[in-house]
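Taken together, the values in this text are just the output of simple stated rules run on the coordinates, not laboratory data. Bear in mind the structure is a predicted one, so any value in this text is a computation, not a measurement. Counting neighbours? That spans all protein chains shown, and the Cβs are built from the backbone with ideal geometry, glycine included.
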Amino acid sequence: MPPSPFAGLGSALDSGLTRGLARVTTSAVGPYQSAVVRIGFSLTWLLFLLREWPHRAELYGPDGVWTWGMAQRLMADTETGTPFSVLMWTDSQLWFEFVYAVSIIASLLLLLGWRTRTSSLLFMVGVLSLQNRSIFMGDGGDNVIHLMAIYLVLTRCGQVWSFDKRRADRIATPGRPATGDRDLPGVVLWSVAGAVLVLVTLLGKLDLLWGSIFWGFWLAQAAWWAARRHAPGEPRKVLDILANLVHNGGMLVIVVEVCLIYATAGWYKIQGSRWQDGTALYYPLHLDDFTPWPALSHALAGAGLIVMAITYGTVIVQVAFPFTLFNRRVKNVLLIAMIIEHASIAIVLGLPFFSLAMIAADAVFLPTNFLRWAGSRIAGLVPGGAGGQAGPRSGDPRDQDRDQDESQNTDRVRELGTTIGRPATEPQLAQGEPGAGDGSRV
């Protein structure tokens, strides 16, 4: 009797489920990708705020055409709930200047990776407050920053290339006194945040949804600190697994969001007659608002073959990109093409912040080996810069010392396998990302 074609299917599914479950619970995937996304979006928003500093009152403040009262009426008429903006708490000029300054500081702190749990929340508050105050200000890149500011809060984006990583490495230094991890600045920061939350809650400034979100994050930080200090065993492991799950879910949402952006943009372009006949690029090159270099724009518009190739190439790349994620080589080629395209948009059409935002979003797909190599080269240019790096600091970036991470993951996966009814075997052990330290837990 011939063997069943389904023989071994159950064990294969069980093995695959065990590996997948171990992968998403024992490690935070993409530490380098989350770090470069963090750096990219915080840098983009920081540069935008500094660039618009002379015009801040006209864009988001009391001197704008879109007045505080108009924004208040629009938010009151929103059917899906009132958008969050601390600028709507009062129309005071002093309050606006304070929020704008805090937004700049939060962007800088997130860029440097200092207390990324707190700075990412402040970054989100700044982005949502300013953009929801004047919803008509932006060039498309603001929508991407708006979404990514929310997603970054869910990720452990300070595992590498951050001050948090440096602090975690310093605490883990052999021979360091046990009192070195009390983290007094973190406790003070948490206490101040709690006092602010109590004040704004008593004043009725937070609705039920946003109040629950902020209080939830505040209590989660308290639970994490207590487990790290007083319950380093099973409670710490459970919280670590939950943090990994939230991080991995956030990274998945970022990947899906970028794919949706390109897919919808590409399919909408296909329906446009100007994109169908290959002339769509020609028209913005003759608009004064999109010609910072008139001679360059007119020369490009005069090359009909180049205009047609760029028009059709843009549509092809945007439609095809989501389907190439399972082929690494093709994906990398299209990724390079999209980064070049957005860099060209910044120069030719004069949209630098839109382009920076899209390049930062594209960075989530960059290969880990390339990011390691680039990080090691950049760290070599900065005195003492290699100290914040995870993984190898010299030589081929593919030469990785995984011994410690593998031993930790092996023990935890075996525990996981025993929990679901059978011990995990060696071929089932998930390979963790090196460098996944405790850097982003504060």
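Observations, loosely collected:
- Seen through its C-alpha gyration tensor, with square-root eigenvalues sorted a ≥ b ≥ c, the stretch 26-92 comes out oblate because a/c lies at 1.5 or above while a/b is not bigger than b/c.
- ASP277 paired with ALA343, simple spin-label distance in nm, labels 7 Å along Cα-to-beta-carbon: 3.4 nm
- Anisotropy class of the stretch 329-380 from Cα gyration tensor, a/c 1.5 cut: oblate
- Between VAL333 and LEU47, the modelled labels are 2.9 nm apart [label points 7 Å from Cα along Cα→Cβ].
- Overall form of the stretch 62-132 per C-alpha gyration tensor (a/c, 1.5; a/b vs b/c): oblate
- Proximal lysines relative to LYS269, as straight alpha-carbon distance under 30 Å, when same-chain residues fewer than 8 apart are discounted: LYS331
- Between ASP14 and ALA220, the modelled label-to-label distance comes to 3.4 nm, taking each label 7 Å out from Cα in the direction of the beta carbon.
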